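Encoded as structure tokens, the structure appears first; notes follow it.
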């Protein structure tokens, strides 16, 4: 596997379900990100992990819970979601350096539908 | 309040001609800009970037121009090819700790007509 992979690619869940999205990067990067893309809206940053430490949480509701067990894996745990949470969830990774920004590389995304 | 704006939701260009995609930003702290290309059912793919110390960066058929005083950047694709048909996102970031999320525009759907 190369690049950034995400599973599952599609997920349909009820509002009372608990599910998790998985992301894995094979690029040797040390920073990972979750983004959300809703219809007709720009990609919105949700969470940033730098060296496994969460460094940013963009006012995301607590029904979304990220986990970064190591620098190659990132999870997004979902529980009691609302229909308006239906969106494309994208994972990205980059090599983080102080004072320099490196390009973020994206996975294919998980298309989530909440019924 | 959108900090990165792509005001054209779609653009249609004839094959072989130049495609020009525009992007405006409002946050003067942004100093690194990227263009991504996205096909349906795939994640965004990095295309080209530019830092604020430059006003032009070129990579093959793709050139990005940055006008800091106008807070405007553009992506030129020449010559345009059918495979260039995709949604193009402009993104921006500010150098802080090194791992920063990107702020994206809504995207422009480029359609290359034969």
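The values are calculated or read from the model by the stated rules, or taken from the named source; none is laboratory data. All of these numbers come straight from a predicted model, not from anything done at the bench. Every residue, glycine as well, gets a Cβ built from its backbone with ideal geometry; the counts of neighbours run over all protein chains shown.
Quick check: is even one residue across segment A:20-41 more than 11 Å from chain B (Cβ to nearest Cβ), farther than 25 Å from residue B:4 by Cβ and modelled with pLDDT under 90?
No, because not a single residue in segment A:20-41 is more than 11 Å from chain B (Cβ to nearest Cβ), farther than 25 Å from residue B:4 by Cβ and modelled with pLDDT under 90.
Considering only segment B:24-45, state which residues are outside any strand (DSSP E or B) and either more than 12 Å from the chain's Cα centre (by Cα) or surrounded by fewer than 21 Cβ atoms within 10 Å (Cβ to Cβ) (or both).
Taking segment B:24-45 as the starting set, the residues that turn out to be outside any strand (DSSP E or B) are B:26-31, B:39-44.
Within segment B:24-45, B:26, B:27, B:28, B:29, B:30, B:31, B:39, B:40, B:41, B:42, B:43 meet the criteria.
Does residue A:69 count as more than 9 Å from chain B (Cβ to nearest Cβ), in a strand (DSSP E or B) and surrounded by fewer than 13 Cβ atoms within 10 Å (Cβ to Cβ)?
Working: more than 9 Å from chain B (Cβ to nearest Cβ): yes; in a strand (DSSP E or B): yes; surrounded by fewer than 13 Cβ atoms within 10 Å (Cβ to Cβ): yes.
For residue A:69, the condition - more than 9 Å from chain B (Cβ to nearest Cβ), in a strand (DSSP E or B) and surrounded by fewer than 13 Cβ atoms within 10 Å (Cβ to Cβ) - is met.
Examine segment A:81-95 for a residue that is over 17 Å from residue A:5 (Cα atoms), surrounded by fewer than 17 Cβ atoms within 10 Å (Cβ to Cβ), over 12 Å from the mean Cα position of the chain (by Cα) and within 14 Å of chain B (Cβ to nearest Cβ), and state whether such a residue exists.
Taking every residue of segment A:81-95 in turn, none turns out to be over 17 Å from residue A:5 (Cα atoms), surrounded by fewer than 17 Cβ atoms within 10 Å (Cβ to Cβ), over 12 Å from the mean Cα position of the chain (by Cα) and within 14 Å of chain B (Cβ to nearest Cβ).
I need a count of the residues in segment B:1-23 that are within 10 Å of the chain's Cα centre (by Cα) and within 14 Å of another protein chain (Cβ to nearest Cβ). Quick ask: steps written out before the conclusion?
First, pick out the residues of segment B:1-23 that are within 10 Å of the chain's Cα centre (by Cα): B:6, B:20-23.
Filter once more, so that each one left must be within 14 Å of another protein chain (Cβ to nearest Cβ): B:6, B:23.
Total satisfying the criteria: 2.
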